[in-house]
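This report refers to the structure that appears directly beneath it.
Derivation of every value follows stated rules applied to the coordinates shown; laboratory data play no part. All figures in this text were calculated on a predicted structure; none of them were measured in a lab. So basically every Cβ, Gly included, is an ideal-geometry build from the backbone, and we count neighbours across all protein chains shown.
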Amino acid sequence: MRTLKSAAVAAVAIAMLAVGAVAAYAQARQTGTLRIVVKDPSGAVIPNASVMVKGTEPATQDAVVPEAVTDGQGVATFANLAAGRYTATASFPGFETRALADLRVRSGDLRRDLTLPIEKVAQSVAVGRDAATAASDPKSDRFSNVLSRDQIEALPDDPDEMEKVLKEMAGPGATIRVDGFRGGKLPPKSQIRSIRFSSAMFAAENHSAGHSFIDVATQPGLGPLRGSMDFTFRDDSMNARNAFQPRKGPEQTQQYNLNLSGTLLKDRTSFSLAAGGASLYDSANIFAQGPDNSLVTPIRRPSDRLNFNLRVDHAINKSHTLRGSLQQNGNEARNLGVGSYDLPDRAYRRDASESLLRISESGPLSRLWYADSRLQVRRTTSDSASAFERPTVRVLDAFTAGGAQQAGGRRATELEYASDVDYAQHGHALRVGALVEGGVYSSDSRTNYLGTFTFPSLADYEAGRPATFSRRAGDPLVEFSQWQAGFYVQDDWRVRKNLTLSGGVREEFQSHMPDQWNVAPRAGLTWSPFKNGRTTVRAGGGLFYEWLDADVVEQTLRVDGEHQRDQIVNNPGYPDPLGGDATQEILPPSKYLLADGVVLPKRALGLVAVTQQLSQRLTFNASYSHTKGWDRFRGRNVNAPLVDSGGGRPDPSLGNVTQVESTAGLVADQVNVGLNFNIPARRTFLFANYSWNRQRNDADGAFSLPADSYDLAAEWGRATGVATHVASAVMNTTLWKTLRMALSTTARSGSPYTITTGRDDNGDSVFTDRPQGVGRNTVTTAGMWDVAGRLTYAFGFGDRPQTSAAGPGGGQVVMIRMGGGGAGDMLGSLGGGGAENKRIRIELFVAASNLFNVVNPTGYSGVMTSPFFLEPTAAAPARKLDIGMKIGF
């Protein structure tokens, strides 16, 4: 009996142990999702903030949790976390780093808000992450700058002018991407969430070898319906006179925009809408010399623009978000082709439209895998028509008269698809991806269909002695497609806590090109040598390929000797080109073609850079890069007259044969030095950059012809249009309460240009001949500089309720308050007298370009037969003033 009782007790104990083991096992296998919503002190969410999660007990402390970045709703999502306790740490430039401790993850979702205070003067130390470790992260902000809401608002309102300013701030070779997409116009400022300047140039995911990227991120609309309206006005009465014109040219701009945003389906779908347009005209400045008198006058150049931009964000589930945007742009411009040496009868009009559809989806595939995919479809159309239909008369760098000879148009449907997949574990951050892009094109664009007489000088024109007559004949219609693709794999390997090695390889190929294997290895390191993490060193190198442009393919297909051909007459008669004397020569048809064996251009780039945090407010950075390019595209007349054969051509049955080939080269050295000074609490920012450039090449493009097609070595010289010294600075600060001031300045040394004789000395009917012993790009223009400024004053009335809303993705977030041009005022709500928190916010502004009305000469002539030889014929725009108002509600 006692034995049976003992056995029963033992059985019960074993059963209890088994149940406990099963329960422990079940608890060990239990996973959950943690969502961290990062906010600023006003309650506005902070997109692009870095969030790290680390286990704090034995069951979780060995788990490797990849760092996450908050999405457009300020939410960082960590899925499939093992049950247990964690600490979450969030950081963002301009704010103090903060942590949330004792976060208990169980089955299901856990959501927590984390508010980051504005960064104080004292240096903040990253909680839960060593300073040197953070500084040696290749994806850290050490090599990037993020514009605040105030700095974005200080940019020009016109998207084209804003793009120009951003590229000047970024430096030579910058590439703009909007939500990861290239191409298209910049969105209106009301839809821009952030602008980041980054320099991750050696990542295998990047096709181009640009020295920096300008990443523009748009924002969703959250919460109740919000909106804004803005209006900008410019008139010639507020402008200064161009220094090269006797009277002030006509100019007026009326630009208007409407922005709306809000939630369509609670916790699921939001939208952001912008619509606007502009009715404007500016002046094209003519500075020409005729046989009897000069013509110096401004010509009115009108233009009308309409644009529409809709973005929708939809939460597919708790971790995946689908984003879509539709953009429609239209532009009608008249009196194009007039200005400089071109007289009023050279005018033509162009109607252009662009439709842009963008779709992207992102989210985790599992605990360790994350995917981001995007698709863009772009449809463009353009049509041109000349104001007058008549032959063109061109006197080199003196005047050009006659019709513009522009007709027909172009239709293009272009597609871009890209997908990236990330995996992080055991100190490795692996990324693989692919890019496919291309398009289908149809063009019947017609140029020079009535012919052009070219005179070397005014004396030749007065004597009726043109040097050549050229005319393009035949059917201009061409239809073709072009596709290109790239595949890559890359890895960031943290060797030590202060050292990360990066490596990868990319393979690219393109249609119309015979070389289908173009392997591009990339490598780099990021090192923070000191424990305080204030110094970061980056070095690396890689091989890059460049695409053959679709416009080049179009030209070689059109002017192939069958569709179209160039008819050239040397020493023609005038006005009857076939009525010349005994020296007249009618050439066989001329054409364009791609050379056999043409390959993609290559560029090897190496760089070393250092960033030094001098204080919490001041950061210094410097870099040096060396570039060598080969197999670059150039044009060459392979059927030019041979000197040894008395002017005969290799193929007497043809005239000029312009062949695009891979024989050009490039060597460039660049030094960049920059300073960033930032006081977020006072909303003050200063950015300054200096660049020294030395660039040499022997061709300016696929159709640039040398002076002598049989002596290519003589073409080596300074790169056209590249200034040796370029400096820029941007400053933004609060003067008093809601009165803010922004100043920007750019200065650059002169750029090189070439002296030519103005005559066809070698008989190839191309006017690129240089004097004996004179190289390419041996003279330099004058330097130029200007200053732009903007003053804004904001006020409001009525209190805005603190409305909360859940955005797509499921996280409980706070409505981003209106600031400046529209919803999404991330940093603009941090001060300024409280106007940002008003139900109705009104902002008045005045902006000036070329504030001090500096005369910056342009349009230098290098033609020895020109009456303006070595002289400027134009100037950059004089001072212009814009006034405007924005109303947010």
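Laid out as a table, the results:
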{"quantity": "Two-decimal Rg/Rh across the chain, once Rg and the Kirkwood Rh are taken from alpha-carbon atoms", "calculated": "1.03"}
{"quantity": "Cα shape, region 398-497, gyration tensor, a/c 1.5 rule", "calculated": "prolate"}
{"quantity": "Proximal lysines relative to Lys602, as straight alpha-carbon distance under 21 Å, when same-chain residues fewer than 8 apart are discounted", "calculated": "Lys628"}
{"quantity": "Region 293-298 - phi-based ³J(HN,Hα) in whole Hz, Karplus 6.51/-1.76/1.60, Gly and Pro as x", "calculated": "7, 9, 10, 10, 7, x"}
{"quantity": "Separation of alpha-carbon centers, region 711-732 and region 373-412, rounded to whole Å", "calculated": "28"}
{"quantity": "Burial ordering of Thr31, Thr745, Thr77, fewest other beta-carbon atoms within 10 Å first", "calculated": "Thr31, Thr745, Thr77"}
{"quantity": "Amide H contacts of Arg565 (H built 1.01 Å from N, under 5 Å, at least 5 apart or other chain)", "calculated": "Ala473"}
{"quantity": "3J(HN,Hα) from dihedral phi, region 653-660, Karplus parametrisation 6.51/-1.76/1.60, rounded to Hz, x for glycine, proline", "calculated": "7, 10, x, 6, 10, 8, 9, 8"}
{"quantity": "Region 337-460 - percent relative contact order, Cα under 8 Å, separation 6 or more", "calculated": "26"}
{"quantity": "For Arg839, residues with placed amide H under 5 Å, excluding near neighbours", "calculated": "Phe797, Gly798, Asp799, Arg800"}
{"quantity": "Span-rule helices in the chain, defined as complete DSSP H runs reaching 30 Å or more along the axis (Cα) with Kyte mean at least -1.0", "calculated": "2-29"}
{"quantity": "Magnitude of the charge dipole, region 603-644, Cβ model with Lys/Arg +1 and Asp/Glu -1, debye to 20", "calculated": "140"}
{"quantity": "Using a Förster distance of 30 Å, the FRET efficiency for Ala473-Asp711 (Cβ separation, nearest 0.05)", "calculated": "0.45"}
{"quantity": "Long pairs among Lys39/Lys838; Lys838/Lys880; Lys185/Lys248, criterion Cα-Cα beyond 24 Å", "calculated": "Lys838/Lys880; Lys185/Lys248"}
{"quantity": "Residue-wise HN-Hα coupling along region 236-248, computed from phi with Karplus coefficients 6.51, -1.76, 1.60 (Hz; x: Gly, Pro)", "calculated": "5, 5, 9, 9, 8, 7, 5, 5, 9, 10, x, 9, 6"}
{"quantity": "Centroid-to-centroid separation of region 511-572 and region 262-316 [C-alpha atoms, Å]", "calculated": "30"}
